[in-house]
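Below is one structure; the comments refer to it alone.
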Amino acid sequence: GSALSDLAAKKLTGYALAKGVAMTSLSAVAAAMAMPMLIIDLADIIDNAYSVAINRSDKAAMILAQTLVDRIQGNRPVTLIGYSLGARM
């Protein structure tokens with residue numbers, strides 16, 4: 001819920017700061033820093049908590065699937081109940 005508002009606030013602050021810097025003699029420095037800042041922003045999106053949780057859920061799903069195929073539990077029936085990212089498995 002708050003991640004989207006945090007992202008919007010961060011982008012608005014960055015935009016206002018960039019416009020302010022563009023009107024000063026620091027515009028060349030700001031232009032040189034644009035690409036590294038973009039890379040840092042993209043890395044933040046990739047490594048956010050939700051992305052990490054989805055990746056872990058996918059890995060857990062593969063392990064669970066292999067366990068069920070190998071019938072480690074024997075021939076007993078299995079009931080799977082999942083909630084949130086656990087249901088994604």
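The values are calculated or read from the model by the stated rules, or taken from the named source; none is laboratory data. A quick note: this is a predicted structure, and the numbers were derived from the prediction, not measured. Here the Cβ positions follow ideal geometry from the backbone for every residue, glycine too, while neighbour counts run over all protein chains shown. Surface areas here come from the heavy atoms of the whole protein model, side chains and all, with no ligands, DNA or RNA. Shrake-Rupley method; radii C 1.70, N 1.55, O 1.52, S 1.80 Å.
Give the accessible surface of segment 1-86 per residue, rounded to a whole number of Å², with probe radius 1.4 Å and ligands, DNA and RNA excluded.
With all protein chains present, segment 1-86 gives 85 Å² per residue.
For the listed peptides 35-41, 60-66, a ranking on the average number of other beta carbons within 10 Å per residue, highest first, reads 60-66, 35-41.
3J(HN,Hα) along segment 7-21, derived from phi through the Karplus expression 6.51 cos²θ - 1.76 cosθ + 1.60 where θ = phi - 60°, amounts to 5, 5, 4, 5, 5, 5, 5, x, 5, 5, 5, 5, 5, x, 5 Hz, with x in place of Gly and Pro.
In the chain, taking the dipole from charged Cβ atoms about the Cα centre, the farthest positive-side position among 89, 8, 55 is held by 89. The chymotrypsin sites (Phe, Trp or Tyr not before Pro) found in the chain that occupy coil by DSSP, while having at most 10 further C-beta atoms within 10 Å, are 83. What the Cα convex hull of the chain gives, in volume per residue, is 84 Å³. For segment 67-83, putting each phi into the Karplus relation 6.51 cos²θ - 1.76 cosθ + 1.60 with θ = phi - 60° gives couplings of 4, 5, 5, 6, 6, 4, 7, x, 9, 6, x, 10, 10, 9, 10, x, 9 Hz, in residue order, rounded to whole numbers and with x for Gly and Pro. Of the listed residues 58, 44, the order by accessible area with a 1.4 Å probe, largest first, is 44, 58.
In the chain, helical runs assigned H by DSSP with n ≥ 4 each contribute -39500 (n - 2.57); averaged across all residues and rounded to the nearest 500, the mean residue ellipticity at 222 nm is -24500 deg cm²/dmol. In plain terms, the chain from residue 11 to residue 68 could stretch by 16.0 nm, reckoned as 0.36 nm per residue minus the Cα-Cα distance.
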